[in-house]
Amino acid sequence: MTVFLVIIVLALLAVTGWQMSKIFQLSKGPGAESAEIANDNDNRQQAKLMLWFMIFLYVGMAYSFWHWSKLYLPQAASEHGNEVDTLMFISIGLIMVVQVITQALLHWFAYKYQGKKGNRALFFADNDKLEFIWTIIPVITLAGLIIYGLFTWSDIMNISEDDDPIVIEIYAKQFSWQARYAGEDNTLGEANVRFIEGVNTVGLNVNDTYADDDKITTELHLPVGKQVLFKFRSQDVLHSAYFPHFRAQMNVVPGMVTQFAFTPDVTTAEMRDSEYMVDKVKTINEIRKENSKALMAEGEAPLDSYEFDYFLLCNKICGDAHYNMQMKIVVESEEEYNQWLSEQDEFATVMESQE
(Lines give C-alpha, C1' and ligand atoms only; values in the text may rest on other atoms or scores of the structure.)
Protein backbone atom coordinates (compact mmCIF):
# COMPACT_ATOMS: atom_id res chain seq x y z
CA MET A 1 0.00 0.00 0.00
CA THR A 2 2.87 2.37 0.83
CA VAL A 3 4.46 1.81 -2.58
CA PHE A 4 1.13 2.55 -4.27
CA LEU A 5 0.78 5.84 -2.36
CA VAL A 6 4.36 6.83 -3.23
CA ILE A 7 3.66 6.24 -6.93
CA ILE A 8 0.51 8.39 -6.74
CA VAL A 9 2.40 11.22 -5.01
CA LEU A 10 5.20 11.15 -7.60
CA ALA A 11 2.66 11.18 -10.43
CA LEU A 12 0.87 14.17 -8.89
CA LEU A 13 4.17 16.02 -8.48
CA ALA A 14 5.02 15.39 -12.14
CA VAL A 15 1.62 16.72 -13.26
CA THR A 16 2.01 19.76 -10.98
CA GLY A 17 5.43 20.53 -12.42
CA TRP A 18 4.16 20.24 -15.98
CA GLN A 19 1.20 22.54 -15.26
CA MET A 20 3.45 25.12 -13.61
CA SER A 21 5.73 25.17 -16.66
CA LYS A 22 2.71 25.84 -18.87
CA ILE A 23 1.59 28.68 -16.59
CA PHE A 24 5.11 30.16 -16.65
CA GLN A 25 5.14 30.05 -20.46
CA LEU A 26 1.75 31.77 -20.70
CA SER A 27 2.88 34.49 -18.27
CA LYS A 28 5.55 35.67 -20.74
CA GLY A 29 2.92 37.24 -22.95
CA PRO A 30 1.95 36.77 -26.61
CA GLY A 31 5.22 38.17 -28.07
CA ALA A 32 7.59 35.80 -26.25
CA GLU A 33 9.24 32.92 -28.06
CA SER A 34 7.97 29.46 -27.19
CA ALA A 35 10.54 26.85 -26.10
CA GLU A 36 8.50 24.28 -28.04
CA ILE A 37 9.10 26.04 -31.37
CA ALA A 38 12.52 25.70 -32.99
CA ASN A 39 14.37 28.96 -33.61
CA ASP A 40 17.35 29.65 -35.91
CA ASN A 41 19.83 28.61 -33.24
CA ASP A 42 18.05 25.27 -32.74
CA ASN A 43 18.02 24.65 -36.50
CA ARG A 44 21.76 25.41 -36.81
CA GLN A 45 22.56 22.98 -34.00
CA GLN A 46 20.41 20.23 -35.51
CA ALA A 47 21.89 20.78 -38.98
CA LYS A 48 25.44 20.44 -37.63
CA LEU A 49 24.44 17.31 -35.70
CA MET A 50 23.16 15.80 -38.95
CA LEU A 51 26.58 16.29 -40.56
CA TRP A 52 28.34 14.77 -37.55
CA PHE A 53 25.96 11.84 -37.57
CA MET A 54 26.69 11.28 -41.27
CA ILE A 55 30.42 11.14 -40.50
CA PHE A 56 29.78 8.76 -37.59
CA LEU A 57 27.63 6.55 -39.84
CA TYR A 58 30.26 6.20 -42.56
CA VAL A 59 33.17 5.72 -40.13
CA GLY A 60 31.19 3.01 -38.32
CA MET A 61 30.28 1.35 -41.61
CA ALA A 62 33.89 1.33 -42.84
CA TYR A 63 35.12 -0.04 -39.50
CA SER A 64 32.49 -2.79 -39.50
CA PHE A 65 33.46 -3.94 -43.00
CA TRP A 66 37.14 -3.96 -42.04
CA HIS A 67 36.78 -5.53 -38.60
CA TRP A 68 34.10 -8.14 -39.30
CA SER A 69 35.12 -9.18 -42.82
CA LYS A 70 37.14 -11.99 -41.23
CA LEU A 71 33.84 -13.67 -40.34
CA TYR A 72 32.85 -14.13 -43.98
CA LEU A 73 32.59 -17.73 -45.09
CA PRO A 74 35.65 -18.99 -46.99
CA GLN A 75 35.61 -19.82 -50.70
CA ALA A 76 32.56 -21.77 -51.86
CA ALA A 77 33.07 -25.54 -51.88
CA SER A 78 30.63 -26.29 -54.72
CA GLU A 79 30.53 -25.47 -58.42
CA HIS A 80 27.43 -23.29 -58.19
CA GLY A 81 28.65 -21.64 -54.96
CA ASN A 82 30.83 -19.12 -56.79
CA GLU A 83 27.78 -17.89 -58.73
CA VAL A 84 25.84 -17.51 -55.47
CA ASP A 85 28.72 -15.52 -53.95
CA THR A 86 28.96 -13.33 -57.04
CA LEU A 87 25.23 -12.58 -56.87
CA MET A 88 25.50 -11.75 -53.17
CA PHE A 89 28.46 -9.38 -53.60
CA ILE A 90 26.81 -7.67 -56.59
CA SER A 91 23.71 -7.13 -54.41
CA ILE A 92 25.80 -5.81 -51.52
CA GLY A 93 27.74 -3.54 -53.89
CA LEU A 94 24.56 -2.04 -55.35
CA ILE A 95 23.02 -1.57 -51.91
CA MET A 96 26.17 0.14 -50.63
CA VAL A 97 26.39 2.52 -53.60
CA VAL A 98 22.75 3.54 -53.23
CA GLN A 99 23.07 3.78 -49.45
CA VAL A 100 26.17 5.99 -49.60
CA ILE A 101 24.59 8.36 -52.14
CA THR A 102 21.14 8.62 -50.55
CA GLN A 103 22.39 8.97 -46.97
CA ALA A 104 24.93 11.62 -48.02
CA LEU A 105 22.20 13.60 -49.81
CA LEU A 106 19.79 13.18 -46.90
CA HIS A 107 22.21 14.56 -44.31
CA TRP A 108 23.69 17.26 -46.57
CA PHE A 109 20.24 18.57 -47.54
CA ALA A 110 19.27 18.66 -43.84
CA TYR A 111 22.29 20.92 -43.30
CA LYS A 112 22.08 23.03 -46.47
CA TYR A 113 18.34 23.67 -46.27
CA GLN A 114 18.11 24.14 -42.51
CA GLY A 115 15.18 26.19 -41.27
CA LYS A 116 15.67 29.97 -41.11
CA LYS A 117 13.25 32.62 -39.99
CA GLY A 118 11.49 34.13 -42.96
CA ASN A 119 12.45 31.34 -45.40
CA ARG A 120 9.69 29.59 -47.31
CA ALA A 121 10.03 26.08 -48.76
CA LEU A 122 9.66 25.60 -52.53
CA PHE A 123 6.78 23.27 -53.31
CA PHE A 124 5.83 21.53 -56.53
CA ALA A 125 3.20 18.82 -56.89
CA ASP A 126 5.03 16.40 -59.20
CA ASN A 127 7.93 15.92 -61.61
CA ASP A 128 7.34 13.29 -64.28
CA LYS A 129 11.00 13.12 -65.30
CA LEU A 130 12.24 12.45 -61.76
CA GLU A 131 9.51 9.87 -61.12
CA PHE A 132 10.42 8.06 -64.35
CA ILE A 133 14.12 7.96 -63.41
CA TRP A 134 13.67 6.62 -59.88
CA THR A 135 11.15 4.05 -61.12
CA ILE A 136 12.90 2.67 -64.21
CA ILE A 137 16.40 2.36 -62.66
CA PRO A 138 15.25 0.07 -59.77
CA VAL A 139 13.11 -1.95 -62.21
CA ILE A 140 16.07 -2.62 -64.53
CA THR A 141 18.43 -3.37 -61.61
CA LEU A 142 16.04 -5.77 -59.86
CA ALA A 143 15.15 -7.48 -63.14
CA GLY A 144 18.84 -8.13 -63.81
CA LEU A 145 19.41 -9.55 -60.32
CA ILE A 146 16.28 -11.73 -60.49
CA ILE A 147 17.13 -13.14 -63.92
CA TYR A 148 20.70 -13.89 -62.84
CA GLY A 149 19.38 -15.56 -59.69
CA LEU A 150 16.86 -17.63 -61.66
CA PHE A 151 19.59 -19.01 -63.93
CA THR A 152 21.63 -20.00 -60.86
CA TRP A 153 18.56 -21.55 -59.22
CA SER A 154 17.77 -23.45 -62.41
CA ASP A 155 21.26 -24.97 -62.45
CA ILE A 156 20.67 -26.30 -58.93
CA MET A 157 17.09 -27.51 -59.30
CA ASN A 158 17.00 -28.86 -62.86
CA ILE A 159 18.94 -32.11 -62.76
CA SER A 160 19.59 -33.90 -66.04
CA GLU A 161 19.41 -37.71 -66.06
CA ASP A 162 22.40 -37.69 -68.41
CA ASP A 163 24.55 -36.41 -65.54
CA ASP A 164 23.85 -39.64 -63.62
CA PRO A 165 24.04 -37.96 -60.19
CA ILE A 166 24.65 -39.85 -56.96
CA VAL A 167 21.32 -40.10 -55.13
CA ILE A 168 21.40 -39.52 -51.36
CA GLU A 169 18.46 -39.04 -49.02
CA ILE A 170 18.86 -36.74 -46.02
CA TYR A 171 16.46 -37.73 -43.24
CA ALA A 172 15.71 -35.17 -40.51
CA LYS A 173 14.26 -35.72 -37.06
CA GLN A 174 14.48 -34.01 -33.72
CA PHE A 175 17.42 -33.61 -33.27
CA SER A 176 19.69 -35.44 -35.70
CA TRP A 177 20.32 -36.23 -39.36
CA GLN A 178 20.75 -39.52 -41.18
CA ALA A 179 21.97 -40.10 -44.72
CA ARG A 180 20.66 -42.89 -46.98
CA TYR A 181 22.72 -43.90 -50.00
CA ALA A 182 20.91 -45.48 -52.94
CA GLY A 183 23.37 -48.38 -53.29
CA GLU A 184 24.48 -50.12 -56.48
CA ASP A 185 21.16 -49.55 -58.30
CA ASN A 186 21.32 -45.77 -57.52
CA THR A 187 17.60 -45.97 -56.69
CA LEU A 188 16.24 -45.27 -53.25
CA GLY A 189 13.79 -47.79 -51.84
CA GLU A 190 10.29 -46.83 -50.74
CA ALA A 191 10.12 -45.19 -47.33
CA ASN A 192 7.40 -43.94 -45.00
CA VAL A 193 7.26 -43.00 -41.34
CA ARG A 194 4.70 -45.78 -40.80
CA PHE A 195 7.45 -48.35 -41.41
CA ILE A 196 9.71 -47.04 -38.61
CA GLU A 197 10.39 -49.81 -36.13
CA GLY A 198 13.51 -50.90 -34.23
CA VAL A 199 16.66 -50.55 -36.33
CA ASN A 200 14.57 -49.39 -39.30
CA THR A 201 15.01 -45.79 -38.15
CA VAL A 202 14.19 -44.08 -41.45
CA GLY A 203 11.12 -46.14 -42.28
CA LEU A 204 12.16 -48.25 -45.30
CA ASN A 205 9.69 -50.70 -46.81
CA VAL A 206 11.24 -54.12 -46.13
CA ASN A 207 9.24 -55.58 -49.04
CA ASP A 208 10.74 -53.18 -51.59
CA THR A 209 13.76 -54.81 -53.26
CA TYR A 210 15.16 -51.37 -54.17
CA ALA A 211 15.65 -50.77 -50.43
CA ASP A 212 17.80 -53.87 -49.88
CA ASP A 213 21.07 -52.25 -50.98
CA ASP A 214 20.37 -48.86 -49.41
CA LYS A 215 22.94 -47.81 -46.81
CA ILE A 216 22.05 -45.66 -43.81
CA THR A 217 24.76 -43.62 -42.10
CA THR A 218 25.14 -40.83 -39.53
CA GLU A 219 28.04 -39.24 -41.43
CA LEU A 220 27.81 -37.81 -44.93
CA HIS A 221 30.62 -38.61 -47.39
CA LEU A 222 30.71 -37.00 -50.85
CA PRO A 223 33.07 -37.57 -53.79
CA VAL A 224 34.70 -34.42 -55.13
CA GLY A 225 33.73 -33.44 -58.66
CA LYS A 226 30.60 -35.66 -58.77
CA GLN A 227 27.08 -34.24 -58.87
CA VAL A 228 24.96 -35.29 -55.89
CA LEU A 229 21.15 -35.26 -55.90
CA PHE A 230 19.83 -34.81 -52.37
CA LYS A 231 16.29 -35.82 -51.43
CA PHE A 232 14.99 -34.61 -48.08
CA ARG A 233 12.40 -36.05 -45.70
CA SER A 234 11.34 -35.06 -42.19
CA GLN A 235 10.00 -37.37 -39.52
CA ASP A 236 8.40 -34.76 -37.30
CA VAL A 237 8.56 -30.98 -37.78
CA LEU A 238 9.83 -28.48 -40.34
CA HIS A 239 13.63 -28.51 -40.57
CA SER A 240 16.01 -26.79 -42.98
CA ALA A 241 19.05 -28.55 -44.42
CA TYR A 242 21.78 -25.91 -44.49
CA PHE A 243 25.14 -26.52 -46.20
CA PRO A 244 26.85 -23.14 -45.58
CA HIS A 245 30.18 -23.93 -47.24
CA PHE A 246 28.40 -25.32 -50.31
CA ARG A 247 26.00 -22.33 -50.48
CA ALA A 248 22.94 -24.58 -50.42
CA GLN A 249 19.82 -24.79 -48.28
CA MET A 250 16.47 -26.57 -48.58
CA ASN A 251 13.45 -26.84 -46.33
CA VAL A 252 12.74 -30.36 -45.06
CA VAL A 253 8.97 -30.66 -44.87
CA PRO A 254 6.98 -33.42 -43.11
CA GLY A 255 4.86 -35.41 -45.53
CA MET A 256 6.70 -34.49 -48.72
CA VAL A 257 10.08 -34.90 -50.45
CA THR A 258 12.12 -31.85 -51.41
CA GLN A 259 15.37 -31.93 -53.37
CA PHE A 260 18.31 -30.08 -54.86
CA ALA A 261 21.70 -30.99 -56.29
CA PHE A 262 25.22 -29.64 -56.18
CA THR A 263 28.72 -30.73 -57.13
CA PRO A 264 31.35 -30.40 -54.37
CA ASP A 265 34.66 -29.18 -55.78
CA VAL A 266 36.85 -28.62 -52.69
CA THR A 267 37.79 -31.60 -50.53
CA THR A 268 37.88 -31.41 -46.75
CA ALA A 269 41.68 -31.72 -46.85
CA GLU A 270 41.99 -28.88 -49.40
CA MET A 271 39.76 -26.60 -47.33
CA ARG A 272 41.81 -27.35 -44.20
CA ASP A 273 44.98 -26.32 -46.06
CA SER A 274 43.52 -23.06 -47.40
CA GLU A 275 45.07 -19.85 -46.04
CA TYR A 276 41.71 -18.66 -44.67
CA MET A 277 41.08 -21.88 -42.76
CA VAL A 278 44.65 -22.21 -41.44
CA ASP A 279 44.39 -18.72 -39.91
CA LYS A 280 40.90 -19.38 -38.53
CA VAL A 281 41.87 -22.71 -36.94
CA LYS A 282 44.97 -21.10 -35.43
CA THR A 283 42.90 -18.31 -33.89
CA ILE A 284 40.29 -20.72 -32.50
CA ASN A 285 42.93 -22.97 -30.98
CA GLU A 286 44.65 -19.99 -29.34
CA ILE A 287 41.32 -19.05 -27.73
CA ARG A 288 40.74 -22.66 -26.65
CA LYS A 289 44.21 -22.81 -25.17
CA GLU A 290 43.57 -19.73 -23.04
CA ASN A 291 40.16 -21.04 -21.94
CA SER A 292 41.72 -24.41 -21.09
CA LYS A 293 44.03 -22.74 -18.57
CA ALA A 294 41.03 -21.53 -16.59
CA LEU A 295 39.34 -24.94 -16.81
CA MET A 296 42.47 -26.78 -15.68
CA ALA A 297 42.87 -24.37 -12.74
CA GLU A 298 39.41 -25.48 -11.61
CA GLY A 299 40.34 -29.14 -12.00
CA GLU A 300 38.41 -29.70 -15.24
CA ALA A 301 39.63 -31.29 -18.48
CA PRO A 302 41.13 -28.94 -21.11
CA LEU A 303 39.37 -28.29 -24.41
CA ASP A 304 40.27 -30.46 -27.39
CA SER A 305 42.19 -28.92 -30.27
CA TYR A 306 39.87 -27.73 -33.07
CA GLU A 307 40.08 -29.14 -36.60
CA PHE A 308 37.90 -27.93 -39.45
CA ASP A 309 35.15 -30.13 -40.88
CA TYR A 310 32.18 -29.43 -43.13
CA PHE A 311 28.83 -29.78 -41.36
CA LEU A 312 25.19 -30.07 -42.31
CA LEU A 313 23.15 -27.82 -40.00
CA CYS A 314 19.48 -27.22 -39.32
CA ASN A 315 18.52 -23.63 -40.11
CA LYS A 316 15.03 -23.75 -38.60
CA ILE A 317 14.39 -23.41 -34.87
CA CYS A 318 12.91 -26.91 -34.55
CA GLY A 319 13.01 -27.39 -30.77
CA ASP A 320 15.08 -27.09 -27.62
CA ALA A 321 18.06 -29.07 -29.02
CA HIS A 322 18.02 -27.40 -32.45
CA TYR A 323 21.53 -25.99 -31.90
CA ASN A 324 22.94 -29.53 -31.70
CA MET A 325 21.36 -30.79 -34.93
CA GLN A 326 24.37 -31.26 -37.18
CA MET A 327 26.04 -33.96 -39.24
CA LYS A 328 29.68 -34.14 -40.29
CA ILE A 329 30.37 -33.96 -44.04
CA VAL A 330 33.53 -35.41 -45.57
CA VAL A 331 34.41 -34.44 -49.15
CA GLU A 332 37.08 -36.76 -50.50
CA SER A 333 38.41 -38.34 -53.68
CA GLU A 334 36.17 -40.78 -55.53
CA GLU A 335 38.46 -43.69 -54.56
CA GLU A 336 38.25 -42.79 -50.86
CA TYR A 337 34.49 -42.34 -51.15
CA ASN A 338 33.99 -45.74 -52.80
CA GLN A 339 36.18 -47.38 -50.17
CA TRP A 340 34.19 -45.82 -47.33
CA LEU A 341 30.83 -46.66 -48.91
CA SER A 342 31.84 -50.30 -49.44
CA GLU A 343 32.43 -50.60 -45.68
CA GLN A 344 28.87 -49.53 -44.80
CA ASP A 345 26.22 -52.19 -44.15
CA GLU A 346 23.32 -52.58 -46.56
CA PHE A 347 19.78 -52.30 -45.21
CA ALA A 348 19.00 -55.97 -45.94
CA THR A 349 22.06 -57.06 -43.97
CA VAL A 350 21.09 -54.88 -41.00
CA MET A 351 17.56 -56.31 -40.96
CA GLU A 352 18.82 -59.91 -41.23
CA SER A 353 21.08 -59.40 -38.23
CA GLN A 354 18.03 -58.55 -36.13
CA GLU A 355 16.11 -61.74 -36.95
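The values are calculated or read from the model by the stated rules, or taken from the named source; none is laboratory data. Only a predicted model underlies this, so the values are computations on that prediction, with no experimental measurement involved. For neighbour counting, all protein chains shown are included, and Cβ atoms are generated from backbone atoms with ideal geometry for every residue, glycine included.
Structural remarks
- Per the conditions (1) modelled with pLDDT of 90 or more; (2) surrounded by fewer than 13 Cβ atoms within 10 Å (Cβ to Cβ), the sole criterion not satisfied by residue 197 is (1).
- Residues in the stretch 100-149 that are of a type in the set (Phe, Trp, Tyr) and touching a helix residue (DSSP H, G or I) at 6+ places or on another chain (Cβ under 8 Å) were compared, and the one that is farthest from residue 43 (Cα to Cα) is 148.
- For the stretch 118-131, the set of residues classified as assigned to a helix (DSSP H, G or I) and over 35 Å from the mean Cα position of the chain (by Cα) consists of 128, 129, 130, listed by residue number.
- Scanning the stretch 151-172 for residues that are over 21 Å from the mean Cα position of the chain (by Cα) and either of a type in the set (D, E, K, R) or part of a strand (DSSP E or B) (or both) turns up 155, 161, 162, 163, 164, 166, 167, 168, 169, 171.
- The residues listed here are 53, 24, 123, 89; of these, the one that is loosely packed, with under 14 Cβ neighbours inside 10 Å, at pLDDT 90 or above and either closer than 30 Å to residue 225 by Cβ or among the aromatic types (Phe, Trp, Tyr) (or both) is 53.
To keep it simple, each residue is scored yes or no on (1) among the hydrophobic types (A, V, I, L, M, F, W, C); (2) touching a strand residue (DSSP E or B) at 6+ places or on another chain (Cβ under 9 Å); (3) farther than 30 Å from residue 225 by Cα; (4) touching a residue at least 60 places away in the same chain (Cβ under 8 Å).
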| site | (1), (2), (3), (4) |
| --- | --- |
| 81 | no, yes, no, yes |
| 84 | yes, yes, no, yes |
| 93 | no, no, yes, no |
| 96 | yes, no, yes, no |
| 100 | yes, no, yes, no |
| 106 | yes, no, yes, no |
| 111 | no, no, yes, yes |
| 116 | no, no, yes, yes |
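- Among the residues of the stretch 257-289, the ones that are part of a loop (DSSP other than H, G, I, E, B) and touching a strand residue (DSSP E or B) at 6+ places or on another chain (Cβ under 8 Å) come to 5 in all.
- Once the stretch 131-170 is narrowed to residues that are hydrophobic (A, V, I, L, M, F, W, C) and modelled with pLDDT under 85, the residue that is surrounded by the most Cβ atoms within 10 Å (Cβ to Cβ) is 156.
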